[in-house]
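In what follows, a structure is listed as structure tokens, so that the remarks can point back to it.
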Amino acid sequence: MMTAMLQPRYAAKVHTHAPRRRHYFDREAETLPREALARLQLKRLRASLKNACENVPLHRERMRARKLLPQDMRALEDVRELPFTLKTDLREHYPFGMFARPRESLARLHASSGTTGKPTVVGYTARDLATWADLMARSMACAGARPGDVVHNAYGYGLFTGGLGAHYGAERLGATVVPMSGGSTERQVLLIQDFGARVLCATPSYALNIAEVAEREGVDLRASKLEIGLFGAEPWSEGLRREIEARLGLKALDVYGLSEIMGPGVAVECEAQDGLHAWEDHFLIEIIDPESGQPVSEGEAGELVITTLTKEALPMIRYRTRDITRATTARCACGRTHLRLQRITGRNDDMLIIRGVNVYPSQIEAVLVGLPGVAPHYQLVVERNGSLDELTVEVEAATLEHVLDELEARVRHQIKSMIGVTTRVVAKKPGEVPRSQGKAVRVRDLRPKK
Ligand SMILES: [Zn+2]
């Protein structure tokens with residue numbers, strides 16, 4: 001059966017360094033001059049606000065309270081007059097209260113499992129799904145995927161938008177999709193080789209798990225046909241990128257999205273690996289100071305705020321993503337005109353305050369990955385000791401030969417000197433830190449619930 005059919009391939013990968021022809025999924029949209037892009041955004045902004053106000057009581061009431069009408073938007077900057085939408089709005093109007101279309105006319109629902117309370121529910125019309133597939137196909141092409149490629153999709157299928165988002169995008173691009181979902185990692189390694197996947201879609205932590213399982217089984221995936229990794233749904237560091245690239249023999253690109261806005265495919269890195277192009281013909285991007293709510297200057301760090309321009313079922317006005325990034329409209333080597341977001345280092349909600357120092361898990365990751373003797377697997381444990389929050393970093397020795405005490409002291413010193421925070425470090429034996437099967441659990445928060 002399967003084993004007879006699937007012979008492992010150990011042939012060396014032929015690396016062609018000749019540049020492939022630049023490929024756009026939608027050349028006109030992706031290279032639209034910025035002035036034309038702004039005109040299109042303004043037109044679509046008014047239409048989207050009209051949809052929101054006519055069909056969603058919450059948006060209508062908030063606009064009315066500010067005495068604003070959709071046609072009052074005379075320039076894109078006027079968006080700053082509009083109220084923000086928060087994740088709690090979705091929870092409070094659970095399940096369908098934010099929808100601008102009757103439930104009967106929706107083609108699909110997705111939901112995110114919140115850590116507390118009710119899930120966040122999002123809905124799509126058939127046209128929303130088509131737009132999403134187009135934008136994900138555009139994102140994949142931007143990352144270097146081509147029609148005819150085998151796309152191995154290890155994002156989880158189900159209510160999570162990652163699996164189906166990547167799936168329909170790859171189909172729309174004209175690729176051959178392998179709908180693996182997460183888990184059964186040994187089998188994933190086998191099928192990546194035997195089906196000749198050129199593109200791997202996964203969370204970065206799961207991609208690392210695939211690399212590790214392959215190595216353990218004596219399979220060299222660097223010799224497979226893999227060339228592109230499209231990784232997202234988790235913040236990850238540049239160090240982890242280099243680690244995955246070296247171990248899987250591919251180019252790793254970051255894809256960004258969130259279900260409240262659409263799902264994966266809101267923004268993606270191009271082959272320049274220098275920021276993620278956000279698809280501005282469908283999303284209006286703002287970067288604000290999270291405290292004051294005021295815009296920051298271009299290039300400054302702040303919270304990403306997104307207004308949807310074409311969503312039918314769930315239009316979002318100034319949705320606060322809680323993600324911290326910077327934006328640049330500088331020209332990109334790839335020829336695309338859409339602004340670029342710096343890779344997101346952390347969600348505001350993930351930020352830990354340890355003895356007065358703000359720490360994102362991805363900062364700790366950046367210290368750990370590449371440190372000699374330390375495997376790229378970790379967990380952070382936060383506990384309350386009296387009035388102080390304390391952080392324990394659980395790391396893993398790369399091999400059994402490493403002396404754990406010595407490793408702990410070295411990691412503690414490195415974190416202190418790089419981030420300036422004092423932590424406890426516990427070094428574990430190889431394989432003892434839990435591996436990701438999808439979304440990695442980076443933080444175990446043992447503090448009493450407020
Ligand atoms: Zn680019």
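The values are calculated or read from the model by the stated rules, or taken from the named source; none is laboratory data. Please read all numbers here as calculations on a predicted model, not as lab measurements. Ideal geometry is used to build each Cβ from the backbone, glycine not excepted, and the neighbour counts take in all protein chains shown. Quick note on the areas: whole protein, heavy atoms, side chains included, nothing else; ligands and nucleic acids left out. Shrake-Rupley method; radii C 1.70, N 1.55, O 1.52, S 1.80 Å.
Below, the figures for the structure above:
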{"quantity": "Any hit, the stretch 209-216, residues being within 29 Å of Met351 (Cβ to Cβ), open to solvent by 10 Å² or more (accessible area, probe 1.4 Å) and touching a strand residue (DSSP E or B) at 6+ places or on another chain (Cβ under 6 Å)", "calculated": "no"}
{"quantity": "Within the stretch 358-368, considering residues that are touching a strand residue (DSSP E or B) at 6+ places or on another chain (Cβ under 9 Å) and open to solvent by 20 Å² or more (accessible area, probe 1.4 Å), the one modelled with the lowest pLDDT", "calculated": "Asn358"}
{"quantity": "Test set (1) assigned to a loop (DSSP other than H, G, I, E, B); (2) in contact (Cβ under 8 Å) with a residue 24 or more places away in the chain; (3) of a type outside the set (Gly, Ala, Ser) - Arg331 fails condition number", "calculated": "(2)"}
{"quantity": "Residue list for the stretch 92-111, filter: crowded, with 17+ Cβ neighbours inside 10 Å and under 21 Å from the mean Cα position of the chain (by Cα)", "calculated": "His110, Ala111"}
{"quantity": "Pairs with Cβ under 9 Å, 6+ apart, first in the stretch 245-259 and free of Cβ contacts under 8 Å to residues at least 60 places away in the same chain, second in a helix (DSSP H, G or I) and open to solvent by 10 Å² or more (accessible area, probe 1.4 Å)", "calculated": "Ala246/Arg222; Arg247/Glu212; Arg247/Glu215; Arg247/Arg222; Leu248/Arg222; Leu250/Arg222; Ala252/Arg242; Ala252/Glu245"}
{"quantity": "Pairs, first within 18 Å of Phe231 (Cβ to Cβ) in the stretch 188-217, second among the polar types (S, T, N, Q) and surrounded by 23 or more Cβ atoms within 10 Å (Cβ to Cβ), C-beta under 7 Å, six or more apart", "calculated": "Ile192/Ser224; Cys201/Asn153; Ile210/Gln188"}
{"quantity": "Matching residues, the stretch 20-62, being open to solvent by 40 Å² or more (accessible area, probe 1.4 Å), polar (S, T, N, Q) and farther than 24 Å from Arg331 by Cβ", "calculated": "Asn55"}
{"quantity": "Pairs where the first residue, in the stretch 283-295, is open to solvent by less than 10 Å² (accessible area, probe 1.4 Å) and the second is of a type in the set (D, E, K, R) and part of a strand (DSSP E or B), C-beta under 7 Å, 6+ apart", "calculated": "Ile288/Glu303"}
{"quantity": "Residue satisfying condition, being open to solvent by less than 40 Å² (accessible area, probe 1.4 Å), modelled with pLDDT under 95 and of a type outside the set (A, V, I, L, M, F, W, C), within set Arg355, Arg343", "calculated": "Arg343"}
{"quantity": "Condition met for Gly163 (modelled with pLDDT of 95 or more, more than 16 Å from the ligand (Cβ to nearest atom) and on the phi > 0 side of the Ramachandran plot)", "calculated": "no"}
{"quantity": "Single residue of the stretch 321-340 satisfying the filter (open to solvent by less than 40 Å² (accessible area, probe 1.4 Å) and more than 10 Å from the ligand (Cβ to nearest atom)) that is farthest from Glu269 (Cα to Cα)", "calculated": "Thr321"}
{"quantity": "Residues that are more than 16 Å from the ligand (Cβ to nearest atom), in a strand (DSSP E or B) and either within 27 Å of Ala52 (Cβ to Cβ) or not aliphatic (A, V, I, L, M) (or both), drawn from the stretch 341-364", "calculated": "Gly346, Arg347, Asn358"}
{"quantity": "Any hit, the stretch 82-91, residues being in a loop (DSSP other than H, G, I, E, B) and open to solvent by 30 Å² or more (accessible area, probe 1.4 Å)", "calculated": "yes"}
{"quantity": "Spans of strands (runs of 3 or more DSSP E) in the stretch 204-313 with at least 3 residues under 15 Å from Cys142 (Cα atoms), within 16 Å of the ligand (Cβ to nearest atom) and at pLDDT 95 or above", "calculated": "251-258, 263-269, 276-278"}
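A quick yes/no check of all residues on (1) away from the ligand (no atom under 16 Å from the Cβ); (2) part of a helix (DSSP H, G or I); (3) within 20 Å of Glu54 (Cβ to Cβ):
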site	(1), (2), (3)
Tyr94	yes, no, no
Phe99	yes, no, yes
Val122	yes, no, yes
Leu129	yes, yes, no
Ala137	yes, yes, no
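Yes/no per residue for (1) among the polar types (S, T, N, Q); (2) at pLDDT 95 or above:
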{"site": "Val14", "(1), (2)": "no, no"}
{"site": "Tyr24", "(1), (2)": "no, yes"}
{"site": "Thr31", "(1), (2)": "yes, yes"}
{"site": "Arg34", "(1), (2)": "no, yes"}
{"site": "Leu42", "(1), (2)": "no, yes"}
{"site": "Asn55", "(1), (2)": "yes, yes"}
{"site": "Leu68", "(1), (2)": "no, yes"}
{"site": "Thr88", "(1), (2)": "yes, no"}
{"site": "His93", "(1), (2)": "no, yes"}
